[in-house]
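S.K.: Here it is, the structure in full.
Read the figures in this text as sums done on the coordinates, not as results from a lab. Please read all numbers here as calculations on a predicted model, not as lab measurements. So basically every Cβ, Gly included, is an ideal-geometry build from the backbone, and we count neighbours across all protein chains shown.
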């Protein structure tokens, strides 16, 4: 697929400051060396197996299939991986690579917090320092993950520039990397950024699709009709798609976060609403205005709330090999609730975007067709936000509920004493998730202070 | 060859940077005039970008202020047209690749030439990617300025050999912003650069005081100052041009 080095068609490239060029060249050389090194590959496979819990299950969703009355639905259970999402696949690969390169410190951006938690986990395991940049708005939406990262020994830096979401966290991590290259590896969390990241991350995530293929072959003796995954930057999607790209009969479907709908501005559906541009090190599609200013995108899902998409997806879309469909907040929330009720599996709100599309499509297909949906992560982290979205009073208003009162009594300083906006906001909105997380945000240096 | 070479004809060059439209374009126009009168040799005009990944907080905030004020590429082009009635100095735009790409490289760069701009600096366009815009820049006589960083090492030969206009030597790791001290072995980097090119080399990033500027000018052909000037716009708003003039005068004296 790489027609020119680091390019997918016209997309990709290395649009980064000169200061970083030798770092990405060094990374590329190290990656080329270690991916061909059987000891490295064996060590990584060992971590996948013994630490992350791979292979992840391919689960036949019988009740869902019967209820929808059409295509047979399988779920690729990346949510069952250690740390609860597909992010660990890439992170174990990159952290091990960084260690071999002699780096002492990992930095990462995170949206929903899953990549940050995975990076903090790998750093703890491999004895590396870890600093995670997270949009301030996301530290509030995903307070539990902030706490987890801190617990794992990472420093979490809330980013207040721009919109305070994933794109700003990426920018902050890139800025940090330019100031400290020698001992630091930037553990990018998706198939985006400058070459070689889109290729490295894809290769480490490709295990998802490889497993789907062999597991389905074992269970059904055939290829699926379609594989479906949610797309923000697009790492679980490319991981799901990659092994099927050559199987022309298998449809590849990426589900973008449409937010409140692709007709308005409150959306993050890049392929559906964006145009080609150059940002964050790559040429790809971006949500932007007529002068190329990057748009403040929106999605209920912090993990998909990004104005760009990985360059390989841009290419797969252009050549018609993969299809990218928009899924709105409300559709994703309904899928989140549906899977919980129907199969007893609470999916990440990101993954619920992919489920929603499967729910729409399955009834239109014959019963001999198979859909595989990648459940990229588990939904524990989203429960408070979805409850809030649904207006459930006991999670919404701290004051009246037992949970909030208990929290307040046990840890009054988190609710009332902290000076930071983050802590205060979080305290009001998510008392049950507060333990520690609010104060982490408050105590951590804000990005401007550095 | 553009007029950029002329900027280095009057001793060591002093190159102020300002963000267009912070706080408004009228102020930018007046500040450029003030800088020219105060002895600036070349002006670097920043076209704001929503997500300037090579900038520190000071210039990031200036970009945000300018964009909130409604500045656009087209409005900046109009301001430069007005400016050019009085200003004779060589001028270059500093912006990000997407600003040029989304406007259309041909349309953007031909407009630059038509407006009397001399060069273009894109901090997210390294040597390997300059093919994106270089052919169009060459077609219209706009110098695509390359940067050399403290980490460039073996890349210096290629970058310096193909330098256009002037070489922008990045003084330190990290993003733009005022620094107390600059520790990079800049003399070593400049010596390497001079093995491969006669193109003037100016040092930027982190310079704010006359003492720093003097030291940097001793080892290079000029000094670029951004954040320290952008701070004047934050502090003085529409009154900034007077302060910019005073500052440029002081700094030009220091580098001479």
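S.K.: Report Rg (one decimal) and Dmax (nearest whole number) for segment B:96-156, counting Cα atoms only, units Å.
M.R.: Gyration radius and largest Cα-Cα distance of segment B:96-156: 12.0, 37 Å.
S.K.: Here's something else I'd like to know. Checking a compactness column here: for segment A:113-226, what do you get for Rg(Cα) / (2.2 N^0.38 Å), N being the number of residues?
M.R.: 1.28
S.K.: Where Rh denotes the Kirkwood radius from the mean inverse Cα pair distance, what is Rg over Rh for segment A:20-71?
M.R.: Ratio of gyration radius to Kirkwood radius: 1.35.
S.K.: Between segment A:163-218 and segment B:146-172, how far is it from one alpha carbon centroid to the other, in angstrom?
M.R.: 28
S.K.: Subtracting the Cα-Cα distance from 0.36 nm times the residue separation, let me have the gained length for residue A:390 to residue A:32 in nm, one decimal.
M.R.: Additional length available on full extension: 124.1 nm.
S.K.: To the nearest 0.05, what FRET efficiency results for residue A:260 and residue B:211 with a Förster distance of 51 Å applied to their C-beta separation?
M.R.: The calculated FRET efficiency here is 0.40.
S.K.: In nm, give the distance between the simple-model label positions of residue A:380 and residue A:59, each being 7 Å from the Cα along the Cα-to-Cβ direction.
M.R.: It works out to 1.5 nm between the two label points.
S.K.: Semi-axes of the equivalent ellipsoid for segment A:174-235, please: Cα gyration tensor eigenvalues, times 5, square-rooted, ordered largest first, whole Å.
M.R.: Semi-axes (√(5λ), whole Å): 34, 12, 7.
S.K.: Once you have the alpha carbon radius of gyration of segment B:54-145, what is it after dividing by 2.2 N^0.38 Å, with N set to its residue count?
M.R.: Cα-based Rg divided by the globular estimate yields 1.09.
S.K.: Here is a further query. How long are the three semi-axes of the equivalent ellipsoid of segment A:28-154, in whole Å, if each is the root of 5 times an eigenvalue of the C-alpha gyration tensor, listed from largest down?
M.R.: 29, 22, 11
S.K.: Over segment B:163-230, what per residue volume does the convex hull of the Cα atoms give, in whole Å³?
M.R.: 86
S.K.: Mean-square fluctuation check for chain B, GNM, Cα pairs under 10 Å: which of B:200, B:52, B:126 is largest?
M.R.: Of the options given, B:126 has the highest mean-square fluctuation.
S.K.: Let me ask you something else. Going by Cα centres, segment A:304-375 and segment B:128-145 are how many Å apart?
M.R.: That distance is 42 Å.
S.K.: For chain A, set up a Gaussian network in which alpha carbons nearer than 10 Å are linked by springs, and say which option among A:39, A:348, A:122 fluctuates the most.
M.R.: Comparing A:39, A:348, A:122 in the GNM, the peak value goes to A:39.
S.K.: In whole angstrom, how long is each semi-axis of the equivalent ellipsoid of chain B, when you take the square root of 5 times every eigenvalue of its Cα gyration tensor and sort them from largest down?
M.R.: After diagonalising the Cα gyration tensor, the semi-axes are 24, 22, 17 Å.
S.K.: Further question: Translational diffusion coefficient, Stokes-Einstein: compute it for chain A using the Kirkwood radius over C-alpha pairs as Rh, at 4 °C and 1.567 mPa s, and state it as an integer in µm² s⁻¹.
M.R.: The calculation lands on 59 µm²/s.
S.K.: Put a dot 7 Å past each Cα toward the Cβ at residue A:180 and residue B:196; how far apart are the dots in nm?
M.R.: 3.0
S.K.: Okay, moving on. Within segment B:37-55, which residues have the backbone N less than 11 Å from the label spot 7 Å out from residue B:68 along Cα→beta-carbon, could you tell me?
M.R.: none
S.K.: While we're here: Looking only at chain A, where both bridge partners belong to it, what percent of the DSSP beta bridges are antiparallel (to the nearest 5)?
M.R.: 30
S.K.: While we're on this one: Stretched out fully, how many nm does the piece from residue A:210 to residue A:318 gain, at 0.36 nm a residue minus the Cα gap?
M.R.: Result: 36.5 nm gained on full extension.
S.K.: Calculate the spin-label point distance for residue B:134 paired with residue B:88, positioning each point 7 Å from the Cα along the beta-carbon direction, and give it in nanometres.
M.R.: 3.4
S.K.: Report relative contact order for segment B:14-255 in percent, whole number only (criteria: Cα-Cα under 8 Å, sequence separation at least 6).
M.R.: Computed over segment B:14-255, the figure is 25 percent.
S.K.: Next question, about the same structure. Relative to the compact globular guide of 2.2 N^0.38 Å, what is the alpha carbon radius of gyration of segment A:262-308, as a ratio?
M.R.: That ratio works out to 1.04.
S.K.: Roughly speaking, what is the centre-to-centre gap between segment B:177-256 and segment A:1-62 when only Cα atoms are used, to the nearest Å?
M.R.: Each part's Cα centre sits 41 Å from the other's.
S.K.: Using a Gaussian network for chain A with springs between C-alpha atoms less than 10 Å apart, which of these wobbles most: A:81, A:45, A:236?
M.R.: A:45
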